[in-house]
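Heads up: the structure comes next, in structure tokens.
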Amino acid sequence: MAKKKMQGAEIVIEALKEQGVTEIFGYPGGAVLPLYDAIFNQNAIRHILVRQEGGAVHAAEGYARSTGKVGVVLVTSGPGATNAVTGLTDALMDSIPIVCLTGQVPTHLIGNDAFQECDTTGITRPCTKHNYLVKDVNDLAAVVHEAFHVARSGRPGPVVIDLPKDVVMALGNYQEAGTAAAEKYSPRIKGDQSAIAEAVRLLGQAKKPIIYAGGGVINSGPKASKLLNDLVKLTGAPCTLTLMGLGAYPASDKQFVGMLGMHGTYEANLAMHDCDVMLCVGARFDDRITGRLDAFSPGSKKIHIDIDPSSINKNVPVDVPIVGDVGSVLADIVRKWKAAKPKQDKAALKKWWGQIDQWRARKCLAFEQKGEIIKPQHAIRRLFELTQGRETFITTEVGQHQMWAAQYYNFDKPNHWMTSGGLGTMGYGLPAAMGVQIAHPDALVVDIAGEASTLMNIQEMSTIAQYRLPVKVFILNNEYMGMVRQWQELLHGGRYSESYMESLPDFVKLAESFHAAGLRATKASELDDVIKEMLAIDGPVIADIAIDKAENCFPMIPSGAAHNEMLLGPNDKADKPISEEGMVLV
Amino acid sequence: MSEPSKEVNRHTIAVLVDNEPGVLARVIGLFSGRGYNIESLTVAETDHAAGLSRITIVTTGTPMIIEQIKAQLGRLVPVHKVRDLTLDGPYVERELALVKVVGKGEKRVESLRIADTFRARAVDSSNNSFVFEIVGAASKIDAFIELMQPLGLTEVSRTGAAAISRGNKAI
Ligand SMILES: Cc1cc2nc3c(=O)[nH]c(=O)nc-3n(C[C@H](O)[C@H](O)[C@H](O)COP(=O)(O)OP(=O)(O)OC[C@H]3O[C@@H](n4cnc5c(N)ncnc54)[C@H](O)[C@@H]3O)c2cc1C
Ligand SMILES: Cc1ncc(C[n+]2csc(CCOP(=O)(O)OP(=O)(O)O)c2C)c(N)n1
Ligand SMILES: [Mg+2]
């Protein structure tokens, strides 16, 4: 027995190692210096020094989403912890597994307004899946193990461990990861078999089925994507994906009808509206998807697979709820389908596809690149085409460019698309790209960015330089907060209040000052060369692409409208005024 | 799926939680953060050996909101069990109140008479005041307080509901 006692900080590092951690993103300060000592004394875990703690959390999110592992963050007390709050909230909204270690003042000073003290567990309680304040060094190892278990199990999310300085300096016992955490917290994995049988029956009888899948498929892992693929093929149903689900089903497949929702395709949204059986797989009926709730897919039977019971019947009442892991439930559905061999109404399905093809024929994503002004859609399309054949990961900032990336860059594989969906955090993409590149050193990582968002975490260019990360920042520069400008144009009488940015930096020089290459395209004829040059450079690049400043994102379902009241283009707006109820929505 | 019911009902929910710091803040924060009602909330440790506390929450909402409340409570890590006593069958609900009534003469006599019919006990008295202890359903306590109003009611302290299912089944 009598094992050698270890210092708290060493216990933490040891527990991280046992959890398989190889990288952590962090920023030091007084309260965490003992932990930085412990990091200094070992080689198994690499610490990536960011330039602001918010960047650390987004980097960990990119790392986690692109690998399926838990992303790990280390920040100091007080301002270090508060700077992490946006990232934690982002991870909570998008179900990203994160463990964030925060320093804290010593236990005897807690509550005294001590230097750099803040109530970290209080502040982060509503923006984490769970949090801990460790008061006894002998609890440290068990808490770290439990935190990883909670972060990655069930619906993944961020977990904070607040570490008072005296606790990480005290001597205590290490405890190996056992089964305690799993006994304490064990979300349901396997779905209810009778509900699954009912789902198979409904799908088998459907005349106008649709499969609507989301981020939960990505959370469940690549096996779930494979099973989704099998089920779509078996049923012959069209498949649509949410913004968070892109890549869960191959965009290049003919049964894929595109993204759905506010900026989704005409065919996806109308198919959702008109279907008779909807299978929702790991998606949460977000308001960006449903539009006006009372007009959402009024005639359909709805089946919903979700690991989190609180996602079910939250916004939209469903007929067949199935609580469980996407991978496990899909495997059961596929197995039951194969056994039951349902007699489908082939004629009805054919008619359904005929209808879908008519909607497709509207070509809602068509655009025209003529003249020298670069259309953003064209820029994304060319980026997509010129990056084929390379292992490419795309992150985005938030705004119009994000939607164009979702619409015009096609994803065939899961875990290659990282975007801030639920919180919509500008400044996510650059640090997230950094995290992805750390996890995939040899891959191509591109942040599709807006000029306004890029400035929100531009300091991370310095991290990118320090670790020689060949991240490419592809800025669709419209000199506007484009998405804000678009709403002002469509909903606020063209009053472009504070959405224009004066005195933007020269992004080429900015890149150079951060030891990166800076490129610029201002004419359509320059675009391909700039993209090719960007891809050829073996280091970080900022490519500043001057795009059409007036371009808007279409299709668009204005807030408060129903799916079949979609705006397809700029000429559509006049005859469809936006309701007052719609105006108050975001 | 047919239109869900919009009828607002009162539900008594029992929640078994780990007795650890922050757990009450988590539950209360959930209600305030998501805009749910709390009519009353009672909490105390109920199993010292297992380190468990029981929270009894009385809330109101449509069936969809009540379902959300239970699902949201259920996904908190320190929460072990969530039971909707109102839905799960017959249950007993009790609340205790201490009611201070100040007065003299006929009013004082009348307050005692009413207390007697409500089986409230005087747990403190001075020559011009009583403190009554009354136990019962919230509605009974409401009625008692109302009757005491004209008789010199000056102060009320209520515990909120404690509730448990009837019969031999445990939570
Ligand atoms: C400017 C802007 C515009 C947007 N426009 C659109 C749009 O047009 N279309 C669109 O789709 N989105 C859009 N979004 C994103 C939107 O806000 C939501 O983030 C997104 O729709 C949610 O995706 P999801 O439903 O797949 O859920 P996620 O947020 O990915 O949630 C996943 C769900 O799956 C469940 N789950 C997790 N793991 C598992 C598992 N292992 N097994 C089973 N279930 C699991 C979770 O409990 C959760 O319910 C936009 C965002 C921004 C910022
Ligand atoms: C941190 C944060 N602040 C404000 C917003 C609101 N917002 C959404 S999109 C947007 C403009 C983004 O501009 P830009 O990055 O240039 O992208 P564009 O829409 O022009 O492509 C703003 C301000 C936000 N999403 N995040
Ligand atoms: Mg812009």
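The values are calculated or read from the model by the stated rules, or taken from the named source; none is laboratory data. All of these numbers come straight from a predicted model, not from anything done at the bench. Note that each Cβ is placed from the backbone with ideal geometry, even for glycine, and that neighbours are counted across all protein chains shown. With ligands, DNA and RNA removed, areas are computed over all heavy atoms of the protein, side chains included. Shrake-Rupley method; radii C 1.70, N 1.55, O 1.52, S 1.80 Å.
Quick notes on this structure:
- Pairs where the first residue, in segment A:417-431, is within 14 Å of chain B (Cβ to nearest Cβ) and the second is within 15 Å of ligand 3 (Cβ to nearest atom) and assigned to a loop (DSSP other than H, G, I, E, B), C-beta under 6 Å, 6+ apart: none
- Here is the figure for segment A:486-496: residues that are more than 13 Å from ligand 3 (Cβ to nearest atom), part of a loop (DSSP other than H, G, I, E, B) and either within 15 Å of A:Ser579 (Cα to Cα) or of a type in the set (Phe, Trp, Tyr) (or both) total 2.
- Residue match in segment B:74-92 (condition: assigned to a helix (DSSP H, G or I), closer than 26 Å to A:Arg155 by Cα, at pLDDT 95 or above and open to solvent by 20 Å² or more (accessible area, probe 1.4 Å)): yes
- Here A:Leu469 passes the criteria (1) of a type outside the set (Gly, Ala, Ser); (2) more than 16 Å from ligand 1 (Cβ to nearest atom); (3) assigned to a loop (DSSP other than H, G, I, E, B); (4) open to solvent by 30 Å² or more (accessible area, probe 1.4 Å) except the one numbered (4).
- Set A:Glu198, A:Glu183: member being charged (D, E, K, R) and closer than 30 Å to A:Leu349 by Cα: A:Glu198
- Only one entry in A:Ser503, A:Ser513, A:Ser499 is among the hydroxyl-bearing types (Ser, Thr, Tyr), more than 24 Å from the chain's Cα centre (by Cα) and within 14 Å of A:Gln400 (Cβ to Cβ), namely A:Ser499.
- Condition check for A:Glu183: within 14 Å of another protein chain (Cβ to nearest Cβ) and either in a loop (DSSP other than H, G, I, E, B) or free of Cβ contacts under 8 Å to residues at least 12 places away in the same chain (or both): yes
- Residue in segment A:36-45 that is free of Cβ contacts under 8 Å to residues at least 24 places away in the same chain, surrounded by fewer than 24 Cβ atoms within 10 Å (Cβ to Cβ) and either of a type in the set (A, V, I, L, M, F, W, C) or part of a strand (DSSP E or B) (or both) present: yes
- Being open to solvent by 60 Å² or more (accessible area, probe 1.4 Å) and either touching a strand residue (DSSP E or B) at 6+ places or on another chain (Cβ under 7 Å) or aliphatic (A, V, I, L, M) (or both) is a property that B:Leu112 has.
- Subset of segment A:217-242 [among the small types (Gly, Ala, Ser) and more than 24 Å from A:Lys207 (Cβ to Cβ)]: A:Ser220, A:Gly221, A:Ala224, A:Ser225
- Scope segment A:451-479; condition farther than 17 Å from A:Glu397 by Cα and among the aromatic types (Phe, Trp, Tyr); matching residues: A:Tyr467
- Options A:Glu551, A:Glu502; residue that is surrounded by 15 or more Cβ atoms within 10 Å (Cβ to Cβ), of a type in the set (D, E, K, R) and not in a helix (DSSP H, G or I): A:Glu551
- Note on segment A:382-406: among residues that are open to solvent by 20 Å² or more (accessible area, probe 1.4 Å) and within 16 Å of ligand 2 (Cβ to nearest atom), the one that is farthest from the other protein chains (Cβ to nearest Cβ) is A:Met403.
- Cβ-Cβ under 6 Å pairs, at least 6 apart or on other chains, segment A:245-273 side within 13 Å of A:Asp357 (Cα to Cα) and acidic (Asp, Glu), far side open to solvent by less than 20 Å² (accessible area, probe 1.4 Å) and part of a strand (DSSP E or B): A:Glu267/A:Val257
- Scan of segment A:477-510 for residues that are away from ligand 1 (no atom under 16 Å from the Cβ), over 23 Å from A:Ala521 (Cβ atoms) and not aromatic (Phe, Trp, Tyr), ordered by number: A:His492, A:Gly493, A:Gly494, A:Arg495, A:Ser497, A:Glu498
- Conditions (1) open to solvent by 60 Å² or more (accessible area, probe 1.4 Å); (2) more than 27 Å from A:Pro238 (Cβ to Cβ); number of the one not met by A:Lys350: (2)
- Pairs, first more than 14 Å from chain B (Cβ to nearest Cβ) in segment A:479-501, second within 14 Å of ligand 1 (Cβ to nearest atom) and open to solvent by 60 Å² or more (accessible area, probe 1.4 Å), C-beta under 8 Å, six or more apart: A:Ser499/A:Val484
- With respect to (1) in contact with a helix residue (DSSP H, G or I) (Cβ under 9 Å, 6 or more places away or on another chain); (2) farther than 21 Å from B:Ile171 by Cβ; (3) part of a helix (DSSP H, G or I), the lone exception for B:Val27 is condition (2).
- Residue pairs meeting the criteria (Cβ under 7 Å; at least 6 apart or on separate chains; first away from chain A (no Cβ under 14 Å) and within 18 Å of B:Asp47 (Cβ to Cβ), in segment B:1-20; second open to solvent by 40 Å² or more (accessible area, probe 1.4 Å) and at pLDDT below 95): B:Ala14/B:Ile171
- When restricted to residues that are away from chain A (no Cβ under 11 Å) and not hydrophobic (A, V, I, L, M, F, W, C), segment B:22-39 contains 4.
- In the set (1) of a type in the set (D, E, K, R); (2) assigned to a strand (DSSP E or B); (3) in contact with a Leu (Cβ under 8 Å, 6 or more places away or on another chain), B:Lys107 fails one condition alone, (2).
For (1) within 14 Å of chain B (Cβ to nearest Cβ); (2) buried (at least 22 other Cβ atoms within 10 Å of the Cβ); (3) away from ligand 1 (no atom under 15 Å from the Cβ), each residue gets a yes or a no:
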{"residue": "A:Asn229", "(1), (2), (3)": "no, no, yes"}
{"residue": "A:Leu234", "(1), (2), (3)": "no, no, yes"}
{"residue": "A:Gly245", "(1), (2), (3)": "no, yes, no"}
{"residue": "A:Gly261", "(1), (2), (3)": "no, yes, no"}
{"residue": "A:Ala268", "(1), (2), (3)": "no, yes, no"}
{"residue": "A:Gly291", "(1), (2), (3)": "no, yes, no"}
{"residue": "A:Pro298", "(1), (2), (3)": "yes, no, yes"}
{"residue": "A:Ile305", "(1), (2), (3)": "no, yes, no"}
{"residue": "A:Pro309", "(1), (2), (3)": "yes, no, no"}
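- Residue match in segment A:197-207 (condition: open to solvent by less than 60 Å² (accessible area, probe 1.4 Å), in contact with a strand residue (DSSP E or B) (Cβ under 7 Å, 6 or more places away or on another chain), within 14 Å of chain B (Cβ to nearest Cβ) and over 19 Å from A:Ser310 (Cα atoms)): yes
- Per the listing A:Met461, A:Met483, the residue uniquely touching a helix residue (DSSP H, G or I) at 6+ places or on another chain (Cβ under 9 Å), in a helix (DSSP H, G or I) and under 28 Å from A:Cys553 (Cα atoms) is A:Met483.
Condition check ((1) at pLDDT below 95; (2) surrounded by 24 or more Cβ atoms within 10 Å (Cβ to Cβ); (3) under 20 Å from A:Thr396 (Cβ atoms); (4) touching a strand residue (DSSP E or B) at 6+ places or on another chain (Cβ under 7 Å)) across all residues:
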residue: A:Ala64; (1), (2), (3), (4): no, yes, yes, yes
residue: A:Val72; (1), (2), (3), (4): no, yes, no, yes
residue: A:Val75; (1), (2), (3), (4): no, yes, no, yes
residue: A:Gly80; (1), (2), (3), (4): no, yes, no, yes
residue: A:Ile98; (1), (2), (3), (4): no, yes, yes, yes
residue: A:Gly111; (1), (2), (3), (4): no, no, no, no
residue: A:Ala114; (1), (2), (3), (4): no, no, no, no
residue: A:Thr120; (1), (2), (3), (4): no, yes, no, yes
